[in-house]
Structures are given as C-alpha cells and as structure tokens.
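The values are calculated or read from the model by the stated rules, or taken from the named source; none is laboratory data. None of these values were measured; they are calculated from a predicted model. Note that we place each Cβ from the backbone using ideal geometry, even for glycine, and neighbour counts take in every protein chain shown. In case anyone asks, the SASA skips ligands and DNA or RNA and just uses the protein heavy atoms, side chains included. Shrake-Rupley method; radii C 1.70, N 1.55, O 1.52, S 1.80 Å.
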Amino acid sequence: FGYDCGTRIAPARGSRSPHMRRALPTILHGVSVVAVCTLCFATRARVPFPSLPARMGGSFVIVVGATLVLWAVSHIRAAVLGLSEPRRASLLTSGPYRLMRHPIYAGFALVLLGLAVATRSAAGLAAVVALLIPSEIYRAREEEKALRRRFGSEWQAYSRRTGFFLPLSSGGGRA
C-alpha cells in the first residue's frame, strides 16, 4: 500500500490533514514497534521463567514470524511500503494472502512476541498486547476501508473467506 498522489483538499480549520489521517496508522505502528523493542531490552522486570527455554521458544517464534513476513513480502513486493491506499491494480489473494488478510502484521506480531519471550521481558509482553496488536488492528482496518472502496464486492467475498490475522478453520472472516 502506498500514498495516493491525487489532488489534495485543504483541511477544515482545526482538523488533521488528509495526509496525516492516512499517515497516523503507520506512525502509531512504528512507535509501537520501537516501544516493544526498547522495553524488551531497557527494563529489568523479567518473567520468572528459565532463560534457556525462553530464548529457544522465543527464537522459534521469531523465525516463524519472520518467515511469514518474508513470504508475504515476496507476494506483495513493492506494494508493501507506504500508507494505507492500495497500490496494486488487482486484489492479492495468493500465497499467505489466501489464508489471511494481514500476514505481514501477523508476522511482525510474532517476531516481537518472540523477542519479548526470548528476553523474558514483562514490559515487552505487555507492550505487544497493549500497544503493538491494537496499532496493527487499527492500521489493518484503515487499509481494509481503502481496499473495500477499491475492490468492492471482490473484497467483500475475499474478506468473508479469509482470516484477519489468523487463518480460518471454516467460513467467516470477521475480525
């Protein structure tokens, strides 16, 4: 997804610009990623769990998440960078996108969850739940609004058969 370089409309006095409204989900997501990483290493509060199993389990989750991100990026390619306006001419429904609508966000969540587990960071785990996941849901919902506008009934059918962040075991794809 990327920024649509269409005509700009002057914002009403006291309101956010259209560009800022489109950028806000990206900004919040970036801030939450930085917060999780910082809290994992900068705080001393550790979950009382043995270090070696935590490192091994967290590392496994990081690898699974990174693999999901790379798989999704290999399918979406250049459209991965940017804000929340669709850059592709067609709806992507192959690769991990045949299973879930937001595999990159799911992968990032797994990577950062794995980091918090591997470092046994109580604050990192809390930040994943309280900051990262809500910011990803917010950004994904903003993207879905744009996709719904662009692809209409094709998007509606796709969203009914795929999961939001997780694959569906059977029908219905509502988040």
Distance in nm between ALA89 and VAL129 label points, each 7 Å along Cα→Cβ, equals 4.7
For the full complex of protein chains and a 1.4 angstrom probe, list HIS29, HIS75 by accessible area with the highest value first.
HIS75, HIS29
Per-residue HN-Hα couplings for region 89-95 [Karplus 6.51, -1.76, 1.60; θ = phi - 60°; Hz; x = Gly/Pro]:
7, 10, 6, 7, 10, 10, x
Determine Rg/Rh for region 91-175; Rg is computed over alpha-carbon atoms and Rh is the Kirkwood hydrodynamic estimate from the same atoms.
1.04
Enumerate the calculated ³J(HN,Hα) couplings along region 106-123 in order (Karplus 6.51 cos²θ - 1.76 cosθ + 1.60, θ = phi - 60°), each rounded to whole Hz, writing x wherever the residue is Gly or Pro.
4, x, 4, 4, 5, 4, 6, 5, x, 4, 5, 5, 4, 8, 6, 7, 5, 5
Distant-in-sequence amide H partners of ARG46 (H built 1.01 Å from N, under 5 Å):
ALA122
Any idea of ARG22's accessible area? Nearest 10 Å², probe 1.4 Å.
60
So who's got an amide H within less than 5 Å of the one on PHE164, skipping anything under 5 residues away but keeping other chains? H placed 1.01 Å off N, in plane.
ARG101
Over region 28-75, with the other protein chains present, what is the accessible area per residue in square angstrom, probe 1.4 angstrom?
63
Residues of region 103-147 with amide N under 14 Å of a point placed 7 Å along Cα→Cβ from ARG44
none
